[in-house]
């Protein structure tokens, strides 16, 4: 699910945003994210093409022309109908100290968002957190994803938006142990998605542990699932 930094000039009652600065994500995780992208993009495109071509072929085979046109339009809308949601919990362990882990999750490239910043055209640090500029459909569409950590609460919260709309909320609890640090992450999807995005979800599940391992985290327990409205 994805412009250079700029200064915004607004009315006197609105705070002025300072220019954002570029960020270099960790290379090891970028390699995993690239493997994810190489599989996800053609799989999602192939699924969409299969549904479109197959649905249109069936409609025009068994229905009169006008009814077939209507059926094809309905099918095109149905595959984008936001009926799926996702969420769950994850327990991670790492050798890094709790302070380093907390800074990592509150930084511009949180470990759990590797498939967002890892495939972004640009990652930029802002006063509120970070911005990821993502593009897809051969650059025909783009999304600006914002990540804003809330460090004043415990557990830490990451609020993620896509083009200004709520996307997901992550709650991250960090605790030191005798042999490292334990991280408990709870994520709630704030925006549902259509069947056309389901292949993307499954590909992300396949590479999730590898992306975390590339950043020094071992998955001890993970319980994530899809839900249907």
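The values are calculated or read from the model by the stated rules, or taken from the named source; none is laboratory data. Only a predicted model underlies this, so the values are computations on that prediction, with no experimental measurement involved. With ideal geometry, Cβ positions are generated from the backbone for all residues, glycine too; neighbour counts draw on all protein chains shown.
Taken over the range 80-95, residues that are in a loop (DSSP other than H, G, I, E, B) and either modelled with pLDDT under 95 or under 18 Å from residue 204 (Cα atoms) (or both) amount to 4.
Checking each residue in the range 46-67 for being modelled with pLDDT of 85 or more and under 21 Å from residue 137 (Cα atoms) picks out no residue at all. Scanning the range 176-185 for residues being within 15 Å of residue 110 (Cα to Cα) and surrounded by fewer than 15 Cβ atoms within 10 Å (Cβ to Cβ) gives a total of 0. From the list 39, 43, 75, the one residue that fits, being more than 30 Å from residue 223 (Cα to Cα) and either more than 15 Å from the chain's Cα centre (by Cα) or at pLDDT 80 or above (or both), is 75.
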